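To start, the structure under review is shown below, and the notes come after it.
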Amino acid sequence: MSIRLRELIRAVRGCKTAQEERAVIAKECALIRTAFKDNLPAFRHRNVAKLLFIHMLGYPSHFGQMECLKLIASPSFPEKRIGYLALMLLLDERTEVLTLVTNSLKNDLHHESQYVVGLALTSVGNLATADMGRVLVSDVSCHLGSSNAHVRKKAALALIRILKRVPEFVEDHTSSIVMLLKDRFHGVLIAAIQLVADVLSLQADLSTKIIQIVPSLVKMLRNLLNLGYSPEHDVSGIADPFLQVKLLRVLAVFGKNDDGTSEAMNDILAQVVSNTETNRNAGNAILYECVRVIMTVKSESGLKLLAINILGRFLLNSDNNMRYVSSCEPHIFSSTNWSDVEAQSNH
């Protein structure tokens, strides 16, 4: 009978040479193979957990792929949890046996437990192929309206994977994506904004169809800037810098070739530049992203001059990381009308 996971870890750590480690792993793999062959359900999750450790050490683990599917089909949550973890680590979208898990995923997406649904959505978001996406897209999208924020967030992330593999479904889910942007939970909002960004990268012409969300995005960013101290979202005194960066990136996409949209975001860009603290990395990340937006959209020359001054401060910063990132994006200046900027500077 094979040993427990912690005993295997202890044995590997006790090895003095690589040869000794290989001998321990080879012996344990032989015992795990025997257990799989004898079909011992009571020890299956333990053996798959050990196989994950062996995989992390760089040794072959392909012989346990079918056992992952058996664990996922189990009604026990602890076994499902190990099965889904092994599925995401031991398999990829090129693995032939992956198609066999589609039915289990479909069943678990309608499970009564939010945790099982979350496991299934995470697996779809990491492994879904085009064929799996076509089968599971309706099951995933139905969770975008879930009453549980945890499930809504994972559904949005899973939908990103499906739409990347099957772009023809993008237009069918436009209204659902727009609805997600009205969510109150920041985790869901970050996932929804990333979903918008990926949708626009897949079909750029959709920007004209969902451009009505720009005022909502601007309002969301303004609310973050005016938000007082919130321990749930605060990072170094700044309200949810991750969400602010995501918002700025998607605003850049909408305003790139649109005068009206660019004009609508001029005020909020100036507010971001003026109100963001520069003595923290989180604040500098937001400022840098704001500079990129200003240089990308058709913003006012005064804003562009302000952005150039910020980049100049970054280049003079004593932190090597700050100097590096400020010199890595020379193309953001390519579309700038320098005569307007110079005139504004002289004025």
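Give me the dipole magnitude in Debye, nearest 20, for the range 192-256 about the Cα centre, with unit charges on the beta carbon: positive for Lys and Arg, negative for Asp and Glu.
The dipole magnitude comes to about 260 debye.
With charges only on Cβ, +1 for K and R and -1 for D and E, what is the dipole size of the range 102-184 about its Cα centre, in debye, rounded to 20? Mind showing how you got there, number by number?
Numbers: 10 positive and 8 negative charges, 59 e Å.
Charge dipole of the range 102-184: 280 debye, to the nearest 20.
Accessible area per residue, 1.4 Å probe, Å², for the range 1-61: what's the number?
Per-residue value: 63 Å².
In the full protein assembly as shown, how much of residue 56 is accessible to a 1.4 Å probe, in Å² to the nearest 10?
140
Which whole number in µm²/s is D for the range 1-101 by Stokes-Einstein, with the Kirkwood Rh taken over Cα pairs at 20 °C and 1.002 mPa s? Could you put the intermediate results ahead of the total?
Working: Rh = 13.9 Å.
So the translational diffusion coefficient is about 154 µm²/s.
Along each of its three principal axes, how wide is the spread of alpha-carbon positions in the range 184-327, in whole angstrom units, largest first?
Principal-axis extents of the range 184-327 (Cα, largest first): 44, 36, 25 Å.
I'd like to compare 16-23, 268-275: which one has the highest average count of other Cβ atoms within 10 Å, and what's the full order after that? All intermediate terms of the calculation are to be shown ahead of the outcome.
On the way: 16-23: 10.9, 268-275: 17.6.
In decreasing order of mean packing, 16-23, 268-275 become 268-275, 16-23.
Give me the lysines in straight-line cross-link reach of residue 256: C-alpha distance below 23 Å, same-chain residues under 8 apart excluded.
Within reach: 164, 209, 219, 246, 298, 304.
Over the heavy atoms of residue 139, what accessible area does a 1.4 Å probe trace out, to the nearest 10 Å²?
Probe radius 1.4 Å; accessible area of residue 139 about 10 Å².
Work from the charge dipole of the range 184-284 (Cβ charges, +1 for Lys and Arg, -1 for Asp and Glu, about the Cα centre) and give the residue of 269, 257, 236 farthest towards its positive end.
The residue sitting farthest along the positive end of the dipole is 236.
So if each residue of separation counts as 0.36 nm, and I subtract the Cα-Cα distance between residue 171 and residue 13, what length gain in nm does that give?
Stretched fully, the residue 171-residue 13 segment lengthens by 51.6 nm.
When the expected Rg is taken as 2.2 N^0.38 Å, what fraction or multiple of it is the alpha-carbon Rg of the range 148-202?
Relative to the 2.2 N^0.38 Å estimate, the range 148-202 comes out at 1.02.
If you rank 300, 7 by how much accessible surface each has, with a 1.4 Å probe, what is the order from largest down?
The most accessible residue leads, giving 300, 7.
Sorted by accessible area with a 1.4 angstrom probe, largest first, how do 82, 162 fall? Don't skip to the answer; put the middle values down first.
Details: 82 35, 162 0 Å².
Accessible-area ranking of 82, 162, largest first: 82, 162.
List the aspartates and glutamates whose alpha-carbon lies under 14 Å from that of residue 27, not counting same-chain residues fewer than 8 positions away?
Hits, sequence-local ones excluded: 7.
Taking the Cβ-Cβ separation of residue 309 and residue 42 as r and a Förster radius of 56 Å, what is the calculated FRET efficiency to the nearest 0.05?
0.25
Taking 41 Å as R0, compute the FRET efficiency from the Cβ-Cβ separation of residue 95 and residue 319 and round it to 0.05. Spell out each step's value before the answer.
Working: r = 43 Å, r/R0 = 1.06.
Taking R0 as 41 Å, the efficiency between residue 95 and residue 319 is 0.40.
State the percentage of accessible surface on the chain attributable to carbon and sulfur atoms; use a 1.4 Å probe and exclude ligands, DNA and RNA.
Solvent-exposed carbon and sulfur of the chain make up 52 percent of the total.
If you rank 43, 242 by how much accessible surface each has, with a 1.4 Å probe, what is the order from largest down?
242, 43
Hey, if you put +1 on the Cβ of every Lys and Arg and -1 on every Asp and Glu Cβ in the range 107-248, which of 191, 224, 157 ends up farthest toward the positive end of that dipole?
224
So what does residue 115 come to for accessible area, using a 1.4 Å probe and Å² rounded to 10?
Here the residue's solvent-accessible area equals roughly 130 Å².
From the Cα trace of the chain, what convex hull volume per residue do you get, rounded to a whole Å³? It would help to have the intermediate numbers written out before the result.
Working: hull volume 62.0 nm³, N = 347.
Residue-normalised Cα hull volume stands at 179 Å³.
Considering the options 31, 45, 68, tell which one lies farthest towards the positive end of the dipole of the chain, charges being +1 on Lys and Arg and -1 on Asp and Glu at the Cβ, about the Cα centre.
Checking the options against the dipole of the chain, the answer is 31.
Nearest 20 debye, what's the magnitude of the dipole of the chain about its Cα centre given +1 on Lys and Arg Cβ and -1 on Asp and Glu Cβ?
Here the size comes out at about 1420 debye.
Averaged across orientations, what area in nm² does the convex hull of the alpha carbons in the range 75-196 project? Could the numbers behind the result be given before it?
Numbers: hull surface 28.2 nm².
That works out to 7.0 nm².
The values are calculated or read from the model by the stated rules, or taken from the named source; none is laboratory data. Keep in mind that this is a model prediction, so the values were computed, not measured. As a convention, Cβ positions derive from the backbone with ideal geometry for all residues, glycine included, and neighbour counts pool all protein chains shown. What goes into the accessible areas is simple: the full protein's heavy atoms, side chains included, and nothing from ligands, DNA or RNA. Shrake-Rupley method; radii C 1.70, N 1.55, O 1.52, S 1.80 Å.
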